[in-house]
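Written out below as structure tokens is the structure these notes cover.
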Amino acid sequence: MTALPEGPDEVAALATLVLGGPADSITRVASFAGNRVFRLEGGTDAVYLKLGAQRDVAREHHALALAASCSVPVPAVVWFDLEQRSSPHAGVALAELAGEPLELDAPADPTTELAALLARWHAIPLRGFGLADPVGGELRGEDTSWHGSLLRRAALARDAVRAGLVAGDLIERVVRNVEGHAHLTRLEGGRLLHGDFHPRHVYADASGITGIIDWGDATVGDPDYDLARIVHASFFLGGFDDAARRLGPFLGGPDATPAERAAKLLLYAAVFVCWCMSGELEGGAPAPRWWPAQERVLGRLLDHFDRAVASDRGHSS
């Protein structure tokens, strides 16, 4: 595969095509290691150009259309090239949203509004499970079972172990817990998931939420997997009590998380860490300090998972 562009000069010609004229400015934006994102300004317009693998860009393009179809605010697609006619890489350009990304401790009103939006895309049923791919004009999960998809995501982090980036015992704990708690991952039919549902992917202004960005990890599975991403993010600041507080508007209140659901959310969050590790390694791996930070959080998630399972057993006996 042709190397992804690293600087503004390498996308200047493409920016002219996207904007319909020369760009006034081109700025590279921080993104996942496996793609490149540039903010383009031309006249009064500002768009974000994302370049990457055809599969990933096509997934995001289809997921944006699906989310928009159920009245979820998403960035407008102003240009796309899934067939790589204009560039060695597939690309999509999205209009800039008004507002700013939400902080993890978002005010109650935007969070409540967000819970209603989340329910809209979680109501969309899709075939298959796992990472979504456009098949025959529709998004479809690449796996045949949700449990199998989670197990594969966890096991993929073994590549990071072999690369010496993470402790093998942690990854094996995740794999064993997915294998040994199949009742938590039982799912008959999957729904559209954002796949990386972090508050920084939600934009809002004084009027409310203006859009949800970054659908490149769109997945088919259990809606609780999206909520588990908030659990994962919360563990960098606190623990499960902090996560439960943030999830309150999504769960119906602070008392709506029994031990079994808590265990499932923690397990999903641990799988998400493994999935991130696999993706970052494949994309070239981020700065070295990223790995020990994720490793510490993964250990804490697993310890909390063990306690939640023990608590659930205690309630059941």
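FYI, it's all coordinate maths here, none of it is from the lab. Note that the structure is a prediction, hence the values are computed from the model and not measured. Quick reminder, even Gly has a Cβ in these numbers, built from the backbone with ideal geometry, and neighbours come from all protein chains shown.
Once amide H atoms are placed 1.01 Å from N in the peptide plane, what residues at a sequence separation of 5 or more from residue 195, or on another chain, have their amide H within under 5 Å of its amide H?
Distant-sequence amide H within range of residue 195: 219.
Between residue 133 and residues 5 or more places away or on another chain, which pairs have amide H atoms under 5 Å apart, with H built 1.01 Å from N, and which residues are they?
140, 141, 142
What is the extension gain from residue 45 to residue 69, computed as 0.36 nm multiplied by their sequence separation minus the C-alpha to C-alpha distance, in nm to one decimal? Mind dumping the intermediate values first?
On the way: separation 24, 0.36 × 24 = 8.64 nm, distance 2.45 nm.
Additional length available on full extension: 6.2 nm.
Within the range 289-303, list the residues whose amide N lies under 14 Å from a label point set 7 Å along Cα→Cβ of residue 236.
289-298
How high is the FRET efficiency from residue 12 to residue 76, r the C-beta distance, R0 22 Å, rounded to 0.05?
Working: r = 23 Å, r/R0 = 1.05.
The computed FRET efficiency comes out at 0.45.
Over the chain, what is the relative contact order in whole percent, taking alpha-carbon pairs under 8 Å and six or more residues apart? Don't jump to the answer; show the numbers that get you there.
On the way: 566 pairs, mean separation 55.1, N = 317.
Rounded, it is 17 percent for the chain.
Restricting attention to the range 127-210, which trypsin sites (Lys or Arg not before Pro) occupy a DSSP loop and are surrounded by at most 13 other Cβ atoms within 10 Å?
Counting only loop positions with at most 13 other Cβ atoms within 10 Å, the trypsin sites (Lys or Arg not before Pro) in the range 127-210 are 186.
Which trypsin sites (Lys or Arg not before Pro) in the range 256-305 pass both tests, a DSSP loop state and at most 16 other beta-carbon atoms within 10 Å?
289
Once amide H atoms are placed 1.01 Å from N in the peptide plane, what residues at a sequence separation of 5 or more from residue 76, or on another chain, have their amide H within under 5 Å of its amide H?
Sorted by chain and number, the residues that satisfy this are 95.
Quick one: if you stick a label point 7 Å off each Cα along the C-beta vector at residue 172 and residue 53, how many nm between them?
Output for this residue pair reads 2.8 nm.
Each residue of the range 114-125 in order: what ³J(HN,Hα) in whole Hz does its phi give by Karplus 6.51 cos²θ - 1.76 cosθ + 1.60, θ = phi - 60°, with x for Gly and Pro?
The phi angles translate into 5, 4, 5, 5, 4, 4, 5, 6, 6, 8, 8, x Hz.
Quick one: 3J(HN,Hα) in Hz for the range 261-271, Karplus 6.51/-1.76/1.60 with θ = phi - 60°, rounded, Gly and Pro as x.
Per residue, the Karplus-derived 3J(HN,Hα) values read 5, 4, 4, 5, 4, 5, 5, 4, 5, 5, 5 Hz.
What list of ³J(HN,Hα) values in whole Hz, one per residue of the range 10-26 in order, does the Karplus curve 6.51 cos²θ - 1.76 cosθ + 1.60 (θ = phi - 60°) give from phi, with Gly and Pro shown as x?
6, 10, 4, 5, 5, 4, 4, 5, 5, 7, x, x, x, 7, 6, 7, 9
Taking 0.36 nm per residue of sequence separation and subtracting the Cα-Cα distance, how much length would be gained by fully extending the chain between residue 119 and residue 95, in nm to one decimal?
6.2 nm
Lys/Arg Cβ at +1, Asp/Glu Cβ at -1, dipole of the range 116-231 taken about the Cα centre: which of 221, 148, 137 is farthest positive-ward?
Highest projection toward the positive end goes to 148.
Please identify the longest segment of the chain free of exposed GluC sites (Glu not before Pro), where exposed means a DSSP state other than H, G, I, E or B and no more than 14 other Cβ atoms within 10 Å. Before the final figure, lay out each step's value.
On the way: sites that count: 6, 83, 103, 188.
With GluC sites (Glu not before Pro) excluded where exposed in loops, the chain gives 189-317 as its longest stretch.
Got a sec? Charge dipole of the chain, +1 on Cβ for Lys and Arg, -1 for Asp and Glu; which of 93, 250, 177 is way out at the positive end?
177
Modelled label-to-label distance, residue 30 and residue 162, 7 Å Cα→beta-carbon offset: nm?
3.1
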